[in-house]
Each structure stands twice: as C-alpha cells, then as structure tokens.
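Every read-out reported here was derived from the displayed coordinates using simple, explicitly stated rules and does not represent laboratory data. Here the structure is a predicted model, which means the values were calculated and not measured. Methodologically, a virtual Cβ is constructed for each residue, glycine included, from the backbone with ideal geometry; neighbour enumeration extends over all protein chains shown.
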C-alpha cells in the first residue's frame, strides 16, 4: 500500500450507512439483559433519532425494510464487515440469525459486487470487529469462533490491514464492542475488563467508568462520537477530548444487548 493511499483512507469520511428498523417481534430476539422487554413504538422512535443523528454526521442513510422473520435483524452490524477496501458477509454465531445473511448479501451487492463471505465452521459477529485506522481488532467470543477469527483476519490482511485478536472468553462481554470503541486519533474507549490486554498497548485509552460499561459501545462518525444517553461520567470525559459528542436514547436496544454501533453499517 502506498503512503498516499494510507493517508487518503485515514482522512476519508464515512459517506453512507445501512440501517434496518426493529420489527414488530423485536422483543422475541436474543438477550442476556434483565431490563425487561422492549417497547416497540419507543424502539422505533429511538431508531429514527439514531438515523437522524447519522444524517447530522453527514451520512446518506439507506433504510432497509424491517424483517419480522428475524427479530434481531435491526442489529445489522453483526451480519457484515465493511471497509474502504471491500466487504465481507459474516456468519453469525447464533443459529437463529443465519437467515439474515442472504438479505444482507442482496443489500450490499450493488455497492460491493465481489463481497467475500465467512464459511463454515467459522462464525463471526460484526460486533466482535473494531477498526481503528489501519488496525483491526477481532474478538474471540461466544459468537465469533477461532476459525472465524482466522478467516476474517486473513481476509483483512489481504487488503493491507493489520489484525490483532482479543480473547473475550475470560470476560462476561457478549461482543468486543460491548467493551471498547475506537474514538479516532489513536484513542480507545475501554472497560476495565479489557484495559490491560496487550492488543491495545499502542493506543491511548479512555476508561469507561464502572456502572456505565454499556457506554463503551459508542461510535466515531466523522469526528462526532455517538454514545448512549445517561452515561454522565463517561460523556464528561469524552467532552474533554472530543469536539462533538451526541448522546442518544438507547434504552430499548440495551434491553436486547444492543448499542450505538450495532444499528448501522457505516462506510
């Protein structure tokens, strides 16, 4: 990769996002939380506010139709990994989500006609994949297995990216991005359970306070940091170093183990 290409991609902005509203059976999806069932009407309103925030950040938002066949389909980030150099269809670790693959393949076909795909026995959830510039972190988790990490890592390296794996099995984190996020300029938001992992040694780390761990699932969209509302200490820490912080109500998605990054594919 040329120095010019690397600089262009570091400075490139997201232009598009793909989202899918929650279906009417959203409450039937997978969850480990004990926060009660989500209210569909409120989830729709929160999703619309999320889409509006993406547009404020300069993105053209493609809204796919809700899919009542798959109650977790609104967590669209899990079904693909999209980069500036290509896209790959994942193979979700939960069997009930396997059916989401084909509609994602169709949605990406016009934009990435040669998308790669994770093959059995590999499994990958996009929530276990975090890009920080030229560096990708891949979580080995309940949903992303070792063959999946190997396949995705090899594909990313073939595109010129660096890859580091993070073993989440010693933690209670569902996904890698349940516990960390890339904030830009070599900074990471990170929970205590991951703070000492050698994979993050080259990055500055902003600690997510105890009791606000859900806020680690935040996302940098063109310099705007989108975070879940209600994480006051973490939001205050971010505002000391980030020019724009946008707090969004995510209560209904938190009930289903979801967060800010889960609801879109940004590229």
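For segment 50-95, build the convex hull from the C-alpha positions and give me its volume per residue in Å³.
Normalising the Cα hull of segment 50-95 by residue number yields 102 Å³.
What spacing in nm lies between the two simple spin-label points modelled at residue 131 and residue 119, each 7 Å away from Cα in the Cβ direction?
Result: 2.4 nm between the two label points.
What number, rounded to the nearest 500 deg cm²/dmol, is the helix-based mean residue ellipticity at 222 nm of the chain, given -39500 (n - 2.57) per DSSP H run of at least four residues and division by all its residues?
Only helices count here, giving -6500 deg cm²/dmol.
Using a Förster radius of 41 Å, what is the FRET efficiency between residue 232 and residue 111 based on their Cβ-Cβ separation? Nearest 0.05, please.
Result of the calculation: an efficiency of 0.60.
I want the antiparallel fraction of DSSP beta bridges within segment 14-266, as a percent rounded to 5.
45
Between the alpha-carbon centers of segment 18-76 and segment 166-213, tell me the distance in whole angstrom.
Computed from Cα coordinates, the inter-centre distance equals 25 Å.
Taking all pairs of distinct Cα atoms, average 1/r, flip it, and tell me the Kirkwood hydrodynamic radius of segment 120-267 in Å to one decimal place.
This gives a value of 15.4 Å.
Working out 0.36 nm times the residue gap between residue 172 and residue 45, then minus their Cα-Cα distance, what length gain in nm do you get to one decimal?
So the chain would gain 42.7 nm between residue 172 and residue 45.
Specify whether the C-alpha gyration tensor of segment 1-148 places it in the rounded, prolate or oblate class, a ≥ b ≥ c being the square roots of the eigenvalues: rounded for a/c under 1.5, otherwise prolate if a/b is larger than b/c and oblate if not.
oblate
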